[in-house]
Amino acid sequence: MEIFKGTATFSGIAIGKILYYSRGEYQIRQSLVSNIKKEIEEFQRARSQAAAALLELYEKKCLLNEQEAKTFLEQKNLLESESYQKAIESCISSEKVNAAYAVMTNRDEITETFRSLEEPAVRKRIADIQEISNRLIQILGGASLHINLGEEPVILVTESLSPTEIMEMDKEKLLAVVMHHGSAVSHTSIVAKTMEIPTLVDIVADDAWDGLTAIVDGYTGTLYLDPDGEIQKEYEIRLEADKKEKEELLKLKNEKDVTADGKEIGLYANIGNMSDLNNVLYYGAAGIGLLRSEFQYLGRESYPRENELFLAYKKIAETMGDRPTVIRTADLGADKQASYLDIPEEINPIMGNRGIRFCLDRKEMFKSQLRAIYRASVYGNLAMMYPMVSSEKEMEEIEELIQEVKQSLREQDIPFRDIRTSIMIETPAAVMISRELARRVDFLSIGTNDLTQYTLAMDRQNLLLKDKYDDHHPAILRMIRMVVEAAHQEGREAGICGEIAADTALTETFLRMGVDFLSVVPACILPVRKALRETDLGGR
Ligand code: PEP
Ligand code: MG
């Protein structure tokens, strides 16, 4: 038995046979080409096909989380960049080699040059180059991207996997993933997490591992290769216990979200697109507390039409029935860009013209979303909330637009309901005026992801700050309390929809603060439900 220590990116235990996957680079042969122009055209054809596939993947399979969706766009942009095209074309013409070989050479040179750099942004860039290169090679060679996992479930061990590769795998055949490259925040890890697959990174393997038995401990980041009998027995018992715990949790899927002393809490799901709806239903969420509607605006060439938005909201409303669905109006700008949006370059986009500011600058775009939401309101239990609000003036402008929209719907005899409205509390300014804001809507929803970055003045995406970005900071907890109290003073509800809402170490703290609802990723519904059902507030 050999023991390897890596980094776990999703907890869980797996025992099984290893499938060692290597991309078979040796199959890419170098051949000398005489017609360079034709070879460059071949490369360009493959490049357009790969870019179209990435766009399609983004649109159709765009994942539960914005980072994941963004990867496809970033890779498409990389493929379309002049520098990438030039590098390949000049390799083809100067070396007189075939396109697949030029793409492979470029990939390997970049990987080799930057291999020793640990900077997350560089590693991410290398992973993107590898992925687009492999995609191009597959197209040029006519092979399929699909990794054949075989008949029996396996522990897949490999150098690196792309988010697309893992997303396309049959979840039932994948016990665990072990990779050399990647990090806890890499997109592949995020997809694996979404698929609930134990994953280890930073483990170097080779093809001699193929077919061996292994144990993956996704709690401690340990891999046991060819484990001895005693270890195997111990992990079989732990695996059983793990399964039982999950089954136990599933028993809660139809239970109420109520504390041990009888206080009812709203426990809702955060989703990014329609394909996440299944998980919302599977885990028995009481509703959708945050629909990040901006995803429908990204990865495309033009604004979605009002009818397209309407049909999407109608489907969600109908699927959810009586259960509430809170549509967050488009939170565009900052890291959510599309070229047709024509957003001028900003020195500091995170502090820039984003969220509600952006929508209020583009009133026709905003009104078409408002109209779509109101038109869909008669098909279910919809509510609407506004991101990044920082002043009452913004609210006055929104209220005016809503009146206009309602008036036009009345004139056209289009039915609608007076849906509940909400403000996301994501800026320190909004916290300070939360009483005034609460008066203008039906409830407040605290977006702690942004609230933390603006309060601590730390970019939530800056990996250099990953150990310093502290969403448990006393300032954040005090702000949550302030907002809840302000809302209650105005007779309104308040809850949390940032990632911190799923942190069960804080469930009791939040409940004692009086939060009325929590909204979390679907996979966290049951652990949070369990935590709140076990919390006794002493009849508070
Ligand atoms: C937040 O900021 O906490 C939030 C829920 O919104 P997003 O993560 O989409 O910015
Ligand atoms: Mg936010």
- Message: Against the condition more than 16 Å from ligand 1 (Cβ to nearest atom) and surrounded by fewer than 19 Cβ atoms within 10 Å (Cβ to Cβ), how does MET458 come out, does it pass?
- Response: no
- Query: Just a yes or no: is a residue in region 306-328 aliphatic (A, V, I, L, M), touching a residue at least 40 places away in the same chain (Cβ under 8 Å), within 16 Å of ligand 1 (Cβ to nearest atom) and assigned to a loop (DSSP other than H, G, I, E, B)?
  - Reply: no
- Message: Checking the condition aromatic (Phe, Trp, Tyr), modelled with pLDDT under 85 and surrounded by 15 or more Cβ atoms within 10 Å (Cβ to Cβ), which residue from TYR58, TYR84, TYR20, TYR101 passes?
- Response: TYR58
- Message: I'm trying to understand the selection: among the residues of region 268-289, which are within 16 Å of ligand 1 (Cβ to nearest atom) and over 25 Å from GLU534 (Cβ atoms)?
- Response: ILE271, GLY272, ASN273, ASP276
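Report yes if some residue within region 519-527 is within 13 Å of ligand 1 (Cβ to nearest atom), of a type in the set (S, T, N, Q) and free of Cβ contacts under 8 Å to residues at least 60 places away in the same chain; otherwise report no.
Among the residues of region 519-527, not one is within 13 Å of ligand 1 (Cβ to nearest atom), of a type in the set (S, T, N, Q) and free of Cβ contacts under 8 Å to residues at least 60 places away in the same chain, which makes the answer no.
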- Message: When you scan region 401-412, do you find a residue that is away from ligand 1 (no atom under 16 Å from the Cβ), buried (at least 20 other Cβ atoms within 10 Å of the Cβ), touching a residue at least 12 places away in the same chain (Cβ under 8 Å) and of a type outside the set (D, E, K, R), even just one?
- Response: yes
- Query: Restricting the search to region 285-295, which residues are closer than 11 Å to LYS336 by Cα and out of contact with any Gly (no Cβ under 6 Å at 6 or more places or on another chain)?
  - Reply: GLU294
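Those residues that are crowded, with 16+ Cβ neighbours inside 10 Å, over 29 Å from the mean Cα position of the chain (by Cα) and β-branched (Val, Ile, Thr), I need them from region 104-135; list them, please. Spell out how you get there, then give the answer.
If we filter region 104-135 for residues that are crowded, with 16+ Cβ neighbours inside 10 Å, which is where we start, we get 104-107, 110-111, 123-135.
Those left that are additionally over 29 Å from the mean Cα position of the chain (by Cα): 104-106.
Result: THR105, single match.
Output the number of residues of region 496-517 satisfying the condition of being away from ligand 2 (no atom under 16 Å from the Cβ), not in a helix (DSSP H, G or I) and not aromatic (Phe, Trp, Tyr). Lay out the reasoning, then the answer.
Of all residues in region 496-517, those away from ligand 2 (no atom under 16 Å from the Cβ) come to 503-517.
Checking the rest, the ones that are also not in a helix (DSSP H, G or I) come to 503, 514-517.
Within this subset, residues satisfying the condition of being not aromatic (Phe, Trp, Tyr) are 503, 514-516.
Of the residues in that region, 4 qualify.
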- Output yes when any residue across region 444-463 is more than 14 Å from ligand 2 (Cβ to nearest atom) and touching a residue at least 60 places away in the same chain (Cβ under 8 Å), and no when none is. yes
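Check region 252-267 and report whether any residue there is in contact with a strand residue (DSSP E or B) (Cβ under 8 Å, 6 or more places away or on another chain) and within 15 Å of ligand 1 (Cβ to nearest atom).
Within region 252-267, not a single residue is in contact with a strand residue (DSSP E or B) (Cβ under 8 Å, 6 or more places away or on another chain) and within 15 Å of ligand 1 (Cβ to nearest atom).
Of everything in region 384-397, what is away from ligand 2 (no atom under 16 Å from the Cβ) and either crowded, with 23+ Cβ neighbours inside 10 Å or free of Cβ contacts under 8 Å to residues at least 24 places away in the same chain (or both)? Give them in sequence order. Give the steps one after another, and end with the answer.
Step one: filter region 384-397 for residues away from ligand 2 (no atom under 16 Å from the Cβ), giving 391-393, 395-397.
The answer is LYS393, GLU396.
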- Evaluation of ALA286 against (1) of a type in the set (Gly, Ala, Ser); (2) touching a residue at least 40 places away in the same chain (Cβ under 8 Å); (3) within 23 Å of ILE423 (Cβ to Cβ) (one fails), failing number: (2)
- Message: With the structure loaded, tell me whether VAL484 is within 16 Å of ligand 1 (Cβ to nearest atom), in a helix (DSSP H, G or I) and of a type in the set (Val, Ile, Thr) or whether it fails that test.
- Response: yes
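Here's the yes/no breakdown for (1) over 17 Å from SER519 (Cα atoms); (2) in contact (Cβ under 8 Å) with a residue 12 or more places away in the chain; (3) surrounded by 15 or more Cβ atoms within 10 Å (Cβ to Cβ); (4) within 13 Å of ligand 2 (Cβ to nearest atom):
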| position | (1), (2), (3), (4) |
| --- | --- |
| ILE423 | no, yes, yes, yes |
| ARG435 | yes, yes, yes, no |
| ALA438 | yes, yes, yes, no |
| LEU477 | no, yes, yes, no |
| ALA486 | yes, yes, yes, no |
| GLU490 | yes, yes, yes, no |
| ALA494 | no, yes, yes, no |
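Conditions (1) surrounded by fewer than 21 Cβ atoms within 10 Å (Cβ to Cβ); (2) among the β-branched types (Val, Ile, Thr); (3) at pLDDT below 90, marked per residue:
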| residue | (1), (2), (3) |
| --- | --- |
| ASN278 | yes, no, yes |
| PHE295 | no, no, yes |
| GLY299 | yes, no, yes |
| GLU308 | yes, no, no |
| LYS315 | yes, no, no |
| PRO324 | yes, no, no |
| GLY333 | no, no, yes |
| ILE343 | yes, yes, yes |
| GLY352 | yes, no, no |
- Pairing a residue in region 329-341 that is part of a loop (DSSP other than H, G, I, E, B) with any residue that is of a type in the set (Val, Ile, Thr) and within 15 Å of ligand 2 (Cβ to nearest atom), where Cβ atoms lie under 9 Å and the two sit 6 or more apart in sequence or on different chains, gives THR329/ILE356; ASP331/ILE356; ALA334/ILE350; ASP335/ILE350
- Those residues of region 351-383 which are small (Gly, Ala, Ser), touching a residue at least 24 places away in the same chain (Cβ under 8 Å) and within 16 Å of ligand 1 (Cβ to nearest atom), in sequence order: GLY355, ALA383
- Item | Residue under evaluation ASP471, criteria (1) within 16 Å of ligand 2 (Cβ to nearest atom); (2) of a type in the set (D, E, K, R); (3) modelled with pLDDT of 95 or more, criterion not met | (3)
- Message: Among the numbered criteria (1) more than 22 Å from the chain's Cα centre (by Cα); (2) more than 16 Å from ligand 2 (Cβ to nearest atom); (3) over 18 Å from ILE265 (Cβ atoms), which one does GLY539 miss?
- Response: (3)
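The values are calculated or read from the model by the stated rules, or taken from the named source; none is laboratory data. Just so it is clear, the structure is predicted and the values come from calculations on it, not from any experiment. Using ideal geometry, Cβ is built from the backbone for each residue, glycine included, and neighbour counts are taken over all protein chains shown.
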